[in-house]
Amino acid sequence: MSFAADTKNEMCKSVPQRSCCSKAECYGLLLFGRSFSRASVCMVTENAAVAHRVAQLAAQVAGVIVDLRSSISRRKENRNTFSVTVEGDDQRNHLLHAFGHEAGEINLRIHRKNIVCPECLASFLRGAFLCCGTVTDPNKEYHLEFVVPYSNLAKDLLVALQMCGVERLQPGLTNRKGSFVVYSKGMEQVTDLLTYLGAPAAAMELMQVKMLKEVRNQINRRTNFETANLDKTASAAARQVLAIQKIAESTGLGELPEELRELAELRLQNPEMSLRELGESLSPPLSRSGVNHRLQRIVDLAETLPER
Ligand SMILES: [Zn+2]
């Protein structure tokens, strides 16, 4: 599975705390789709979790039952595509009204009234990302973008990102093949934005990839590996290894629950592995966020032990 798909699956697991935030996320999911008007409300996604998220939220916040269809796209290497539509004039009018839109609108803009509490904006932007966003595999570059069909909507999204309170975030806007692309690039910006949007495990993987790239570069430059490894405070993997060593020396790894012990030994032997690679090496395999969760338990456990 791609990094972007993993990221979206992770985001789909986070549940908004308040009903206003659920509504804001649903708004983002539908507003940035292929169409959002009296004639047609339609969003298309390759991600099953996203399609089910829209269906669930539309029913929950607007009482609208969407039509969900999947088809195989030959153009895209036979991948599954899901289209989510709202059928019937009554349902569409009801949905537009629920989000404060007029039925005959030509110029689609973001209605601020759907952003109620301080967390609503993050939920709304997560919905927008799930609908029209993607993030590049960090092994290639650090880049996150939203592809928006309408100019004014893209401008509104740019402003929303500028106001969202993520430090250092400097989103940009550009054109590509008749669409408007709102993007953020750079390791720190993309990491912070992923965390803000509800994908901390994806953010962590990105940081880890950067660390590994740096380590590889340093080895390639034939510098001393020990020097490269000195960046321990910044490295999650190194923190985990230290925690495991501490447990091994104090209580012994044998005292860990079975599911933590296997992972602890694996991490100890493979400090360079990404969370995904670790998960694939476990039997049975475990998702990246599952691995992240277990490693966090190990680190937490080590912190409860007395210092040597
Ligand atoms: Zn809210």
Mind listing whichever residues of region 112-127 are in contact with a helix residue (DSSP H, G or I) (Cβ under 8 Å, 6 or more places away or on another chain) and part of a loop (DSSP other than H, G, I, E, B)?
I115, V116, C117, E119
Could you list, ordered by first residue, the pairs with Cβ atoms under 7 Å in which the first is in region 138-157 and of a type in the set (S, T, Y) and the second is surrounded by fewer than 19 Cβ atoms within 10 Å (Cβ to Cβ) and not in a loop (DSSP other than H, G, I, E, B), at least 6 apart or interchain?
Y142/K185; Y142/M187
Region 272-308, subset without any contact (Cβ under 8 Å) to a residue 24 or more places away in the chain and among the charged types (D, E, K, R), residue surrounded by the most Cβ atoms within 10 Å (Cβ to Cβ)
E280
Count of residues meeting criterion [free of Cβ contacts under 8 Å to residues at least 60 places away in the same chain and more than 16 Å from the ligand (Cβ to nearest atom)] in region 10-44:
6
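Matching residues to (1) at pLDDT below 90; (2) not hydroxyl-bearing (S, T, Y):
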| position | (1), (2) |
| --- | --- |
| A201 | no, yes |
| K213 | yes, yes |
| R221 | yes, yes |
| A234 | yes, yes |
| E249 | yes, yes |
| G252 | yes, yes |
| E255 | yes, yes |
| S274 | yes, no |
| G279 | no, yes |
Expected single match for in the same structural domain as H52 (by TED's automatic domain parsing), within 16 Å of the ligand (Cβ to nearest atom) and open to solvent by 40 Å² or more (accessible area, probe 1.4 Å) among K140, K155, K113 is K113
Considering only residues that are open to solvent by less than 40 Å² (accessible area, probe 1.4 Å) and under 22 Å from the mean Cα position of the chain (by Cα), look in region 62-82 and name the one that is farthest from Q17 (Cα to Cα).
T81
Identify the residue in region 45-61 that is within 21 Å of H97 (Cα to Cα) and open to solvent by 60 Å² or more (accessible area, probe 1.4 Å) and, among all such residues, is farthest from the ligand (Cβ to nearest atom).
Q56
Taking region 159-199 and keeping only residues that are in contact (Cβ under 8 Å) with a residue 12 or more places away in the chain, closer than 23 Å to A5 by Cα and part of a helix (DSSP H, G or I), one is left with L161, M187, E188, Q189, V190, T191, D192, L193, L194, Y196
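The values are calculated or read from the model by the stated rules, or taken from the named source; none is laboratory data. On a predicted model such as this, the values are computed, not experimentally measured, just so you know. When we count neighbours, we look across all protein chains shown, and the Cβ atoms used for this are built from the backbone with ideal geometry, even at glycine. SASA here: full protein model, heavy atoms, side chains in, ligands and nucleic acids out. Shrake-Rupley method; radii C 1.70, N 1.55, O 1.52, S 1.80 Å.
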